[in-house]
Structures are given as structure tokens and as C-alpha cells.
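Quick notes on the structure that follows.
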Amino acid sequence: MDNIRSIIYRMESLLDTSKTMPMGGQKIIDARRMKELMDQLVLSIPQEVDAARQLLENKDTLLQQAQSDAKRRRTEAENAYRARVDDNEIIAAAQERANLIEEEAEQRAAKRLEQADREAMAKRAEAYNYALQTLQTLERNLDSALGTVRNGVGMLSPDGDRTAGVR
């Protein structure tokens, strides 16, 4: 997101430092520089989407860690269970403890997975919304600049017709 913001700030700076037309207060923008910044913006958006995708991939790692932890704890509980086979009360307690540990681990894994999904979806939505807003702002700025150019062409045409040369 910082790269996209940086590009937008540079676009705003280009707009702010552009010369103003004497009449109407319209700006004259360096089209080549604006095009370069727009190209950089278009290249930056997929990077932000890739960051969100990486977050989704991390959820698989978290799930595997939780499952491994659950297996390890279950093995520990089973070993404790076998060591106490002679006493019925201890056997029942160990089995119950193993079940609780397994349930706990599964619940934690499910919570981590849900959290990773929510975070990834939020990041993706944020990246898309930010890109859309940026492009809509750019579109408004370019429409304004185009209107200025058309007005200038109309004012400078030989017969004074504002629509001359505008298509």
C-alpha cells in the first residue's frame, strides 16, 4: 500500500506544481510524467494483491502447525495413558485429558484459520478499494485536464468556434 500511496502523492505533487492557465484556473499537466506515474500505479496494484495472497498462504502453515501440535499432544497423552493402564481412574482421566487437549488444539487451529481468512479477505478488499478510489480520482483529474485542453483549443482556433478541432 505504501508504494501505491507514494505514487499517488507524486501524482498530486505533479498536479500541484503544474502551471495554472490564466483564465479559469485550469492546470497544464505534463502528460508524459502523468503517464509514467499511472504506469507505475498499475504495476504496483498486483504487488498489493500478491501480499494479500501471501497472507492466505500463511494460513496453511498455521493450520499445519496447529495439527502437528495436536498430534504431538495426543501422542503425549496416549503415552501417559499407557503408563497408567493399571489404575482405572487414572486411565479414565488420561483419556479425558487427551480428548480435551485434542479438542483444544482443533479449536485453536480453526480459530487461527478463520482469523487468517478474515485478515486476507480484508487486505484484498482494502487493496481493491484503494485501487478503485485511486483510479476514480485519477479519472476525475484527467477529465478536468481534458476539459482545460478543449477550452484552450476552442479559444485558440482561428474562427473562435469552441468546438473546432474537438472530437
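Comparison of LEU113, LEU56, LEU135, LEU100 shows that the only residue that is at pLDDT below 90 and part of a helix (DSSP H, G or I) is LEU56.
Annotation note: Cβ proximity below 7 Å between a residue of segment 108-132 that is within 15 Å of PRO46 (Cβ to Cβ) and a residue that is loosely packed, with under 13 Cβ neighbours inside 10 Å (sequence gap 6+ or interchain) occurs for no pair.
Taking residues in segment 23-41 that are without any contact (Cβ under 8 Å) to a residue 40 or more places away in the chain and within 26 Å of ALA127 (Cα to Cα), and partners anywhere that are buried (at least 16 other Cβ atoms within 10 Å of the Cβ) and of a type in the set (Asp, Glu), not one pair has Cβ atoms closer than 6 Å while being at least 6 places apart or on different chains. Of the candidates ILE45, ILE7, the single residue that is touching a residue at least 40 places away in the same chain (Cβ under 8 Å), under 20 Å from the mean Cα position of the chain (by Cα), assigned to a helix (DSSP H, G or I) and under 20 Å from ASN141 (Cβ atoms) is ILE45. Taken over segment 25-42, residues that are assigned to a helix (DSSP H, G or I) and modelled with pLDDT of 85 or more amount to 10.
Yes or no, residue by residue, for (1) surrounded by fewer than 12 Cβ atoms within 10 Å (Cβ to Cβ); (2) farther than 23 Å from ARG74 by Cβ:
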| position | (1), (2) |
| --- | --- |
| LEU100 | no, no |
| GLU114 | yes, no |
| ASP117 | no, yes |
| ARG124 | no, yes |
| ALA145 | no, yes |
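Candidates in segment 1-44 are the residues that are closer than 14 Å to THR134 by Cβ and basic (Lys, Arg); of these, the one that is surrounded by the fewest Cβ atoms within 10 Å (Cβ to Cβ) is ARG5. Identify all residues within segment 60-82 that are over 20 Å from ALA92 (Cα atoms) and of a type in the set (Val, Ile, Thr); write none if there are none. Correct list: THR61 only.
The values are calculated or read from the model by the stated rules, or taken from the named source; none is laboratory data. In this text the structure is predicted, and so the values were computed from the model without any measurement. Note: ideal-geometry Cβ built from the backbone for every residue, glycine included; neighbour counts use all protein chains shown.
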